1. For residues in the range 15-30 being touching a residue at least 24 places away in the same chain (Cβ under 8 Å) and surrounded by fewer than 15 Cβ atoms within 10 Å (Cβ to Cβ), which is nearest to Ser58 (Cα to Cα)?
2. Of all residues in the range 1-53, count the ones that are part of a helix (DSSP H, G or I) and within 30 Å of Arg77 (Cα to Cα).
3. Of all residues in the range 40-71, which are without any contact (Cβ under 8 Å) to a residue 12 or more places away in the chain, within 14 Å of Lys26 (Cα to Cα) and of a type in the set (A, V, I, L, M)?
4. Looking only at the range 23-34, count every residue that is over 8 Å from the mean Cα position of the chain (by Cα) and at pLDDT below 90 and tell me the total.
5. Hey, does the range 54-68 have a residue that's among the aliphatic types (A, V, I, L, M), more than 25 Å from Leu21 (Cα to Cα), surrounded by fewer than 13 Cβ atoms within 10 Å (Cβ to Cβ) and at pLDDT below 90?
Amino acid sequence: MKFNCLEEVLISTYDIETKTLRTDLKDFYINYWKFVTGAEVMNSKFVRLEEDFIRRHSESYSKFEIKIKQAINKIHRL
């Protein structure tokens, strides 16, 4: 939800200047979303979270968060 709000703000304020940036962020987010929702957590036989999944999720989320922070820095320079 927050990601959609960010995209809407960027479109309304810096549509042309942020087009590539928005596409990159959206692609990164979709990959993160697929990882989380396509994981073993969604399996009907799910019993508990494995440490490996938690580690991979944390890494993936951190990378996405870094990407957003980098985007914010780019936007500030516009």
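The values are calculated or read from the model by the stated rules, or taken from the named source; none is laboratory data. Keep in mind it's a predicted model, so treat the numbers as computed, not measured. Neighbour counts are summed over all protein chains in view; Cβ atoms, including those assigned to glycine, are modelled from backbone coordinates with ideal geometry.
1. Of the residues in the range 15-30, the ones touching a residue at least 24 places away in the same chain (Cβ under 8 Å) are 17-18, 21, 24-25, 28-29.
So of that shortlist, the ones also surrounded by fewer than 15 Cβ atoms within 10 Å (Cβ to Cβ) come out as 17, 24.
Working: Glu17: 31, Asp24: 20 Å.
Filtering the range 15-30 for residues that are touching a residue at least 24 places away in the same chain (Cβ under 8 Å) and surrounded by fewer than 15 Cβ atoms within 10 Å (Cβ to Cβ), the one nearest to Ser58 (Cα to Cα) comes out as Asp24.
2. 28
3. Ile66
4. 1
5. Checking the range 54-68: at least one residue is among the aliphatic types (A, V, I, L, M), more than 25 Å from Leu21 (Cα to Cα), surrounded by fewer than 13 Cβ atoms within 10 Å (Cβ to Cβ) and at pLDDT below 90.
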